[in-house]
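Peer 1: Here it is: the structure, laid out below.
The values are calculated or read from the model by the stated rules, or taken from the named source; none is laboratory data. As the structure is a prediction and not an experimental result, all values here were calculated from the model. Cβ placement follows ideal geometry from the backbone for every residue including glycine, while neighbour counts extend to all protein chains displayed.
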Amino acid sequence: MPLTNNVIIKLNEITTLVENKNNLKEQDIEEIKLIFKTILKNGERYDVDDIESWFENEGSWTNKQTRVRVINLSHYIQDKFEQTARLKIISDD
């Protein structure tokens with residue numbers, strides 16, 4: 001599934017937000033998590049492989065460790081979102 005324009009816009013937000021792409025600060029990590037949560041809450045979906053490819057090709061994410069950290073965050077948030085979505089209780093009404 002290719003990335004939608006809305007997801008790409010959010011990935012660009014992450015790129016703009018993170019000043020030092022060689023060393024993520026805790027605040028950067030929290031903001032990145034929030035952006036991925038927002039993507040999913042808005043009904044958008046993404047494939048983690050597509051996220052990885054986007055960050056590799058973006059150009060300013062030259063440090064592989066930080067790229068992998070962002071990709072892992074996207075995967076973690078996606079898994080967590082899917083688990084909580086499955087656990088929602090359906091009312092008897």
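Peer 1: Quick check, is Leu17 on the phi < 0 side of the Ramachandran plot and surrounded by 14 or more Cβ atoms within 10 Å (Cβ to Cβ)?
Peer 2: Answer is no for this residue.
Peer 1: Of the residues that sit in the stretch 65-93 and are of a type in the set (Lys, Arg) and either surrounded by fewer than 10 Cβ atoms within 10 Å (Cβ to Cβ) or in contact with a Gly (Cβ under 8 Å, 6 or more places away or on another chain) (or both), which one is modelled with the highest pLDDT?
Peer 2: Across the stretch 65-93, the extreme among qualifying residues is Arg86.
Yes/no per residue for (1) part of a helix (DSSP H, G or I); (2) free of Cβ contacts under 8 Å to residues at least 24 places away in the same chain:
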{"site": "Leu11", "(1), (2)": "yes, no"}
{"site": "Thr15", "(1), (2)": "yes, no"}
{"site": "Gln27", "(1), (2)": "yes, yes"}
{"site": "Lys33", "(1), (2)": "yes, no"}
{"site": "Thr38", "(1), (2)": "yes, no"}
{"site": "Glu44", "(1), (2)": "no, no"}
{"site": "Ile51", "(1), (2)": "yes, no"}
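Peer 1: Collect the residues in the stretch 8-37 that are over 13 Å from the mean Cα position of the chain (by Cα) and among the polar types (S, T, N, Q), keeping them in residue-number order.
Peer 2: Thr16, Asn20, Asn22, Asn23, Gln27
Peer 1: In addition: Would you point out the residue of the stretch 58-75, among those that are touching a helix residue (DSSP H, G or I) at 6+ places or on another chain (Cβ under 8 Å) and not aliphatic (A, V, I, L, M), that is nearest to Glu26 (Cα to Cα)?
Peer 2: Filtering the stretch 58-75 for residues that are touching a helix residue (DSSP H, G or I) at 6+ places or on another chain (Cβ under 8 Å) and not aliphatic (A, V, I, L, M), the one nearest to Glu26 (Cα to Cα) comes out as Arg69.
Peer 1: Which of the residues belonging to the stretch 1-39 are of a type in the set (Asp, Glu) and either within 13 Å of Trp54 (Cβ to Cβ) or in contact with a strand residue (DSSP E or B) (Cβ under 9 Å, 6 or more places away or on another chain) (or both)?
Peer 2: Glu13
Peer 1: Does Lys41 satisfy being exposed (fewer than 14 other Cβ atoms within 10 Å of the Cβ), more than 21 Å from Asp79 (Cα to Cα) and not polar (S, T, N, Q)?
Peer 2: No: the conditions fail for Lys41.
Peer 1: While we're here: Taking the conditions exactly as written (in contact with a Leu (Cβ under 8 Å, 6 or more places away or on another chain) and closer than 17 Å to Val68 by Cα), does Val48 satisfy them or not?
Peer 2: Values: in contact with a Leu (Cβ under 8 Å, 6 or more places away or on another chain): no; closer than 17 Å to Val68 by Cα: yes.
So Val48 does not fit the description; no.
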